[in-house]
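Take a look at the structure below.
The values are calculated or read from the model by the stated rules, or taken from the named source; none is laboratory data. Bear in mind that the values here come from a model prediction, so they are computed numbers and not experimental data. Cβ: placed from backbone, ideal geometry, glycine included. Neighbour counts: every protein chain shown.
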């Protein structure tokens, strides 16, 4: 992977970016990683929670409108996927559709940049209205595009290399996202950065340009045509097929159950920073330190998860990461208790307990990376090739509803405190780990991976 920078230049010059005699599989692997890296960089330069929320506030938007951003971001991305999967999987080649969807997404971000520049100061209310309409459309497009791209990855990356592929793209994506944070910080700095609306115009414009580069890289992938295509299903027929798919395939049932249980990290994760503020006396400025620690842990841990996936297989990787995930909410409760028992109180040691609490975010970043890498690869192993989009869409649509759980958890925290939610999350995550034991999907490779 050390030739990524040189490879990008060769791609943009029209070169195949592979030495003579290298396989199409190796070429597709590299291009798939590059495509994901550019997408992650583009998305984080206009991050919905860290950048667009500030943009909405600058346009005069209320807290309610800012609260809509995560619902649109995740809901519009996850929920429609199963409905469109019945149409997507009837296409012999998915790459032209993926390219078209990415071009549309890039054009929306270009329009947002132009809108910020022309309407940001003169007509902020109109800009807000247009922003939410365009943002909703791009999340729908991104969700369908994500479904299509994952299906393409399932076609071009063999089972034995999928865990390595996802770990590699997450590692390099994490590196560029970490670096992008410094640019975002400069752009949004009131004293040193560009003034409003130039700052958001530049960030959204950069996102547009990087989406176009990602699309160019994507278009260079060589996708084999699908064989044995299933019949096309309407939205209504696709909904009716969901119970049938679950009844027919025990591997899908078990995977979906495990995925739901392992998604219970969403019950506790949003409250770790608040817990540090309220219980350990951490200042608000320390949230940036926690975020950096979690991001860096996620990036570096991908080196470990890549080796684990190669040596022991995807299922072992998922089990290891899942067991580590169980530890996170337990640590969040046990670490402050242990510090108090040892006499490390906030009154005597100031911010030391808050800094030691960084351990929770380091473990969370590492376990999240491994779990996401393994579960995504395992989903592709579980799904039959001809039904892959429907399997991906069904799982993601169900998970879309899981994203609303923190709202319920927040109400519980207000009544009974943090610890019951943390212990509940730990118990459900442990059940998710137990569901994974003794199970091997039919499509999983049984041989150690060789490059």
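What are the residues in the range 290-318 that are farther than 29 Å from residue 353 by Cα and buried (at least 18 other Cβ atoms within 10 Å of the Cβ), if any?
305, 306, 308, 309, 310, 313, 314, 315, 317, 318
Quick check on this structure: which one of 294, 287 is modelled with pLDDT under 85 and more than 19 Å from the chain's Cα centre (by Cα)?
Only one candidate passes the filter, namely 287.
Quick check on residue 42: is it assigned by TED's automatic domain parsing to the domain that holds residue 145, in a helix (DSSP H, G or I) and within 16 Å of the chain's Cα centre (by Cα)?
Answer is yes for this residue.
Could you list all residues from the range 238-275 that are closer than 24 Å to residue 411 by Cβ and either at pLDDT 85 or above or not assigned by TED's automatic domain parsing to the domain that holds residue 397 (or both)?
Selection gives 260, 261, 262, 263, 264, 265.
How many residues, within the range 30-51, are surrounded by fewer than 22 Cβ atoms within 10 Å (Cβ to Cβ) and under 19 Å from residue 198 (Cβ atoms)?
Residues that pass the stated criteria total 3.
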